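Written out below as structure tokens is the structure these notes cover.
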Amino acid sequence: MNENPAALIPELTLVAGAVLGLLLGSWLPRRRQWWVRVVTACACLAGIVATGAAMAGEPQKVFGDSYAIDTATNAGRLIVLVAVLLVICLSSEEIGAHPRETEFHVLMQLGALGTIMLAGASDVLLLVAAYLLASIPLYALAGFAKDASGTEASLKYYLMGAFLGIALLGGTTILYGSGGATNYAALARNLPTAPPPVVGIALVAVLGGLLFKIGAVPAHFWVPDVTEGAATSVAAFVTTVPKIGGLIAAYRLLVDSIPAVSLNWPLLVAILAAASMTLGNLAAFFQDNVRRLLAYSTISQVGYILMAIAVAGKSALALPGTLFYLGAYAVTNLGAFAVVAAVPRTTRLEDYRGLGRAHPMLAGGLVVCLLGLVGTPPTSVFLGKLEVFTAAIDGDFVWLAVLAVLNTVASLFYYLRWILPVFSPASESTKVMVLKGRWAAATAYLAAAASLLLGMAGGAVLPLTAGPLVP
Amino acid sequence: MLTLIVFLPLVAAVVLAAVPESAGRRPFLVGWIGITAIDAVLVVLAWIASDTGGGMSYEQNVRWIPSAGVAYHVGVDGLSLPLVAMTALLFLACAVYSLRQTHRVKSFVLLFLFLQTVSLGLFTALDLILFFVYFDLSIVGMYFVIAGWGHGQAKRSALTFFLYTFVGSLALLLGFIGLYLAAEPHTFDIIALATANPLAGRGAYAALVLLAIGIGLAVKTPTVPFHTWLPPAHTDAPAAGSAILAGVLLKMGTYGFVRIAMPLLPETWRQYAGAVVVIGVVSVLYGALVALAQQDFKRMVAYTSVNHMGYVVLAVGATGLWAGSDAQARSLAVTGAVTQMVSHGLITAALFLLAGVFYDRRGTYDMGAYSGVAGPAPLFAAATGVAAFASLGLPGFSGFIAEFQIFTGSLASATIGTALAVLGILITAGLFLRVLHRVFLGTLRLPDAPGAGRDFADLHRSEVVSVLPLLALAVVIGVVPRFLLEVIEPASATLIGLVGR
């Protein structure tokens, strides 16, 4: 049994960062808490370096085959850590000098750690542990602002999470009962002899938990409320980071443990994908609040990525498509949130009138990110969509690809509803157009540039996402 | 060389973006004209030095995203070189025309430079994804032109334009993915796909791919029944925007037929060519008849675009009707189609720029409100007259050369369709003569516009300098077309060979 702790350096740095941050935060005076931010950023950077080293190494399974370190995990680590760095930057003004700044950073690191573990878990019990670690800190974060809307968001988030967490645990129990093991590889050996209806129920329950994490239909009800109610930085984090781990976990679970079972899970996932993208888009149509609009847009984006999960194992493009799309989505979505954070007093679409005049750079960044979310070339989401659509058609889900195309067109409508006022002449109430955050604005530029660059340099990045899962 | 031509405007845009807006209009406009002029000269040099033997010139193939089968593959042949040249010329004309532009000049110039790169890029792309990238970006660029500098219900028209053409572009993407998956090894390279002919004998699958690509291109072209976005977009766009939209962007659709649909899906194209011919003929007649009913000058020109693009669709459709025609006729039809693209680009752009004069002076395009304009503005009347005659296909103009070749090439294989399409010329002749008669002759009558004087100022220098070369070139092509046809003909022969497989 491989129990090499050195294989877990990215995870361990996050743990160390969280513990050190907590200790530091307890002793530091209130106005010096920015040290915790530095510690968090250092932990992320160290994690990124360690991940780079791990990418060069051989894929392996560690700790009783319960944790896989392969292309998917490494990509997940990289995306999560970069996303956390971006959130640290965009939260600088909102969270900086906040009395509980330390808590924010510690909770965020723990949540990120849980997400990375979700991506790597190849044992259902570890999946449950990772789920809890990725969820509980976020419930607290959602109520970080301690105001009415934040508390409501937090409570709603917690109730949904607790309910679907129980479902996940129940599914795990049934899987263990019918398969006689919790390890994916062992499950793959044993499940074919188990009664299919039982396995089906277990799979639905386990998927339920993961759907909650990624905010997909039908476990999406918390997304708009948390995105609107929580602080902007928290909203950016919870709509981006947990999806990374949740989707990779779903991919790994379906490919590694369920493949030989006579269940039509590809169809189930395809239907979930179709429902997510369609409902997310339809609900986003007439949203007037930018955060709610972004919330529904993330629901629809998850639908596109689920397309690739539906053909997991059938198309060679499914895994690269999922991973690349996740990276592209993380950067682009955080870019859009960074713009929201940079002009914090604008909440409605109408408030963005005149942004193009007042802050042309910021407006440019917003347009790149929004058109990126639509999937306009040459941004990175376009390349992600190209991979995902190709994978879907390759896996004989042509109807799903056609539906996704129609959805893309529909989504254009509401993204344009946001872009249009940006270039309209300003109304009288332009006082809200105060650029509050230099850091947040810089994050927006950086994310927009990264989104473009990732799309154009896709040739260099895509090979990193190709590579089989460790069996 | 091609990369330089394509990206020069974009580089210039980046440089100009660094100039603060407070520097005034001058540096932007001068820089814009300078860059477009240099680009046009480069294209002319490239034309002179190109090899016109029917193959690709200036080909360049760089790995871009190898794991997704995408490459930066560019090149020009007889089908694309004339369009590249026309594009460079039209952008130069628009730059000169916009000398008097005062409203948010910096963004306007940057946007047009961006659009120029995108348009030139599309005609040189030899990779489906590269083609698609440019195709989509052209929509984004034009959206901002219409929404930002249009008039009337500009926002609404821009949104309609974006949604419509974006639907088309995504259908196109699905078709491209279908081609990609069919090819072994998977690739988006147009040349490789044309050689491999991956969809030969793949019945329904090939038909679906052609349908997806066909819808995408038909929306952009636009043909009936996908043309409804066109009139509002044209009517509400600024004059230079309309000129680029009609002159360059519409060609992206028809160019796609000869570059992608025909050579990559030859068997399926021949199978469904009859339907294409029908759509082409309907577009010709419907476009002409609706144009006849218009009160709005710009709207009328927009509908004549539907009519003129219909000829192109007819020609490419007739080429696919294999029985009843020989290789020479088919080749003639394709040559006519490409000539028509160039000719329509020149003439319609000129017409739209002239239409802008109406709006500039009096704030309306309503033809019923004008009469006797030839009195105060003889130059304007003359230029519009020449453009109108060129547009209706009078001998001596490029339109005649194009339509003559199209009809001659199509007659044998699509006899009834061609006979019906010829009626389109008659209708356009009627409508243009009626316009000239109503607007320019008779007693002087002008619509009242707040702030405008009593007279109707004749063409300004910048308007003359931008419009006349376009018309002059239309005449040159009409009188001595050899220099153009010699470039197109070998490429159409190659294309016919590919479709014949």
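The values are calculated or read from the model by the stated rules, or taken from the named source; none is laboratory data. These figures come from a predicted structure and were not determined experimentally. Every residue, glycine as well, gets a Cβ built from its backbone with ideal geometry; the counts of neighbours run over all protein chains shown. Side chains included, ligands, DNA and RNA excluded: accessible areas come from the protein's heavy atoms. Shrake-Rupley method; radii C 1.70, N 1.55, O 1.52, S 1.80 Å.
Details
- Counted as qualifying within the stretch B:398-501 are the helices (runs of 4 or more DSSP H) with 3 or more residues that are over 14 Å from B:VAL334 (Cβ atoms) and hydroxyl-bearing (Ser, Thr, Tyr), namely B:415-435.
- Residues within the stretch B:51-66 that are out of contact with any Leu (no Cβ under 6 Å at 6 or more places or on another chain), away from chain A (no Cβ under 14 Å) and either outside any loop (DSSP other than H, G, I, E, B) or not aliphatic (A, V, I, L, M) (or both), tallied: 8
- Inclusion of A:PHE423 among residues that are at the interface with another protein chain (Cβ under 10 Å from one of its Cβ atoms), in contact (Cβ under 8 Å) with a residue 40 or more places away in the chain and open to solvent by 10 Å² or more (accessible area, probe 1.4 Å) is warranted.
- When A:ALA401 is tested against (1) more than 7 Å from chain B (Cβ to nearest Cβ); (2) small (Gly, Ala, Ser); (3) open to solvent by less than 10 Å² (accessible area, probe 1.4 Å), just one condition goes unmet, and that condition is (1).
- Test: residue in the stretch B:80-91 that is among the aromatic types (Phe, Trp, Tyr) and either farther than 26 Å from B:TRP32 by Cα or open to solvent by 20 Å² or more (accessible area, probe 1.4 Å) (or both): no
- Tally of residues being out of contact with any Phe, Trp or Tyr (no Cβ under 8 Å at 6 or more places or on another chain) and modelled with pLDDT of 85 or more across the stretch B:445-468: 5
- Residue identified as open to solvent by 20 Å² or more (accessible area, probe 1.4 Å) and within 14 Å of chain A (Cβ to nearest Cβ) among B:LEU45, B:LEU10, B:LEU4: B:LEU10
- Residues of the stretch B:146-171 classified as more than 9 Å from every other protein chain (Cβ to nearest Cβ) and either among the charged types (D, E, K, R) or more than 18 Å from the chain's Cα centre (by Cα) (or both), total: 9
- Residue match in the stretch A:368-388 (condition: out of contact with any helix residue (DSSP H, G or I) (no Cβ under 6 Å at 6 or more places or on another chain), surrounded by fewer than 24 Cβ atoms within 10 Å (Cβ to Cβ), touching a residue at least 60 places away in the same chain (Cβ under 8 Å) and not in a helix (DSSP H, G or I)): no
- Test: residue in the stretch A:405-420 that is more than 8 Å from chain B (Cβ to nearest Cβ), part of a loop (DSSP other than H, G, I, E, B), small (Gly, Ala, Ser) and farther than 28 Å from A:SER91 by Cβ: no
- Pairs where the first residue, in the stretch B:461-486, is charged (D, E, K, R) and the second is not in a helix (DSSP H, G or I), C-beta under 8 Å, 6+ apart: B:GLU486/B:THR52
- Residue in the stretch A:328-345 that is among the hydroxyl-bearing types (Ser, Thr, Tyr) and surrounded by fewer than 21 Cβ atoms within 10 Å (Cβ to Cβ) present: no
- Residues in the stretch B:85-110 that are within 14 Å of another protein chain (Cβ to nearest Cβ) and within 27 Å of B:ALA474 (Cβ to Cβ): B:PHE108 only.
- Applying a threshold of 9 Å to beta carbon distances and a minimum spacing of six or more residues, or different chains, the list of pairs starting in the stretch A:37-48 at a residue that is farther than 11 Å from A:GLN109 by Cα and ending at one that is of a type in the set (D, E, K, R) and surrounded by 16 or more Cβ atoms within 10 Å (Cβ to Cβ) reads A:GLY47/A:GLU11; A:GLY47/A:ARG77; A:ILE48/A:ARG77.
- Condition met for B:PHE144 (hydrophobic (A, V, I, L, M, F, W, C), open to solvent by less than 10 Å² (accessible area, probe 1.4 Å) and in contact with a helix residue (DSSP H, G or I) (Cβ under 7 Å, 6 or more places away or on another chain)): no
- Among residues of the stretch B:181-206 that are farther than 15 Å from B:VAL70 by Cα, those with a beta-carbon under 6 Å from a residue that is among the β-branched types (Val, Ile, Thr) and surrounded by 13 or more Cβ atoms within 10 Å (Cβ to Cβ) at least six positions away or on a different chain give the pairs B:ALA206/B:THR268.
- Conditions (1) within 14 Å of chain A (Cβ to nearest Cβ); (2) under 13 Å from B:VAL487 (Cα atoms); number of the one not met by B:ALA18: (2)
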